[in-house]
Amino acid sequence: MTYVKPDEVLATAVDAGATKASLSTTEMLVRGVLGGAVLACATTLAYQATVQTGQPIVGALVFPVGFVMIVLLGLELVTGSFALVPLAVLEGRASVGGMLRSFGLVLVGHVVGAAGYAAMYVAVISRMGTDTENPLVANLVQIAETKTLGYEALGASGLALVFVKAVLCNWMVTLGVVMAMTSRSTGGKIVAMWLPVTTFFAQGFEHAVVNLFVIPAGMMLGADVTVGDWWLWNQLPVLAGNLVGGVLLTGLGLYWAHRRGLEALTASGARAGLTGDVTGAGVQAPAAPSAPALQDA
């Protein structure tokens, strides 16, 4: 059987969060750069599919390829960490300082990776700035302006709207991270991840790492958006909403739902026998300590 029960999934999520918080600075930065670039590449694939077919649902169906690559290759996605690392803090496996360090360094890596890919992609679709007729150019410009000026036009209601859309987005994204832990087979992980990630993208929810690519790319192509518009009306409220969605709806939600099962696994010593296979969290989970060691911690 490749299915992993929810109590064991929660234990694996805690282990994954502890591992993420313990990575070195170089590991966090490099994995963050690669994670941001891969997700940006998947975003352009989704937009290309949408433009070619005229059906946004097609773009949503192909977008999860980037998420799958990030998870299976053990790269970092800060929005996934929003659900996992706080669990490690709750269980005494990581410190608040370590959690904030992880979030900050991975986010810096995402900015570099997404912006770097944006510059190269803009060069490709504009033929090194000589051709703006590619429909993907107009598509990126429109999306960048909608994601910033569209919310600005609504004022305070726009900030509330983008925040709520970000909460809903990362509820689904972090469910994708956790659902990948429900299977020990690669195929099972891929299918489990695909479901919630397609769900968020198809409904136009707001994802901070995607926007680190989309909005700068649109600005490079001539979108009437300033850096202030980008961060005030999108990036900062989206990061806040993604954090709330990941921590409350997935991390704490599953923790409260299955904490008794986690405690039972620890007390029985069964948790020490869980294998450290690929968790679906972008890390290789370490073997859990024995039950006495966990209790002492």
State which residue pairs qualify: first residue under 22 Å from Gly116 (Cα atoms) and inside the stretch 44-55, second residue of a type in the set (Ser, Thr, Tyr) in any location, beta carbons under 8 Å apart, and separation of 6 or more residues or different chains. Thr44/Tyr121
Some residue of the stretch 123-143 being modelled with pLDDT of 95 or more, out of contact with any helix residue (DSSP H, G or I) (no Cβ under 7 Å at 6 or more places or on another chain), of a type outside the set (Asp, Glu) and closer than 18 Å to Gly228 by Cβ: no
Look at Thr132 and say whether it is over 23 Å from Lys189 (Cβ atoms), touching a residue at least 24 places away in the same chain (Cβ under 8 Å) and not in a helix (DSSP H, G or I). yes
Do you know which residues across the stretch 183-240 are in contact with a Ser or Thr (Cβ under 9 Å, 6 or more places away or on another chain), hydroxyl-bearing (Ser, Thr, Tyr) and in contact (Cβ under 8 Å) with a residue 40 or more places away in the chain? Ser183, Ser185
Might you check whether a residue that is farther than 30 Å from Gly222 by Cβ and in contact with a Leu (Cβ under 9 Å, 6 or more places away or on another chain) occurs anywhere in the stretch 157-169? yes
Output for Cβ contacts, cut-off 6 Å, separation at least six or different chains, first residue farther than 13 Å from Val247 by Cα and assigned to a helix (DSSP H, G or I) in the stretch 163-177, second of a type in the set (A, V, I, L, M) and modelled with pLDDT of 95 or more, reads Gly176/Met193; Gly176/Val197
Could we say that Gly276 is modelled with pLDDT under 95 and either among the aromatic types (Phe, Trp, Tyr) or more than 22 Å from Thr43 (Cα to Cα) (or both) here? yes
What tally of residues in the stretch 185-233 results from selecting those that are surrounded by fewer than 19 Cβ atoms within 10 Å (Cβ to Cβ), assigned to a loop (DSSP other than H, G, I, E, B) and not acidic (Asp, Glu)? 5
Could you tell me whether Leu105 is touching a Leu at 6+ places or on another chain (Cβ under 6 Å), part of a loop (DSSP other than H, G, I, E, B), in contact (Cβ under 8 Å) with a residue 12 or more places away in the chain and not acidic (Asp, Glu)? no
Among the candidates Ala160, Ala144, single out the residue that is within 15 Å of Ile215 (Cβ to Cβ) and assigned to a helix (DSSP H, G or I). Ala144
Of the residues that sit in the stretch 147-157 and are without any contact (Cβ under 8 Å) to a residue 12 or more places away in the chain and not in a helix (DSSP H, G or I), which one is nearest to Thr226 (Cα to Cα)? Ala153
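The values are calculated or read from the model by the stated rules, or taken from the named source; none is laboratory data. No experiment lies behind these values; they were computed from the predicted model shown. Cβ sites come from the backbone with ideal geometry, for glycine too, and all protein chains shown count toward neighbours.
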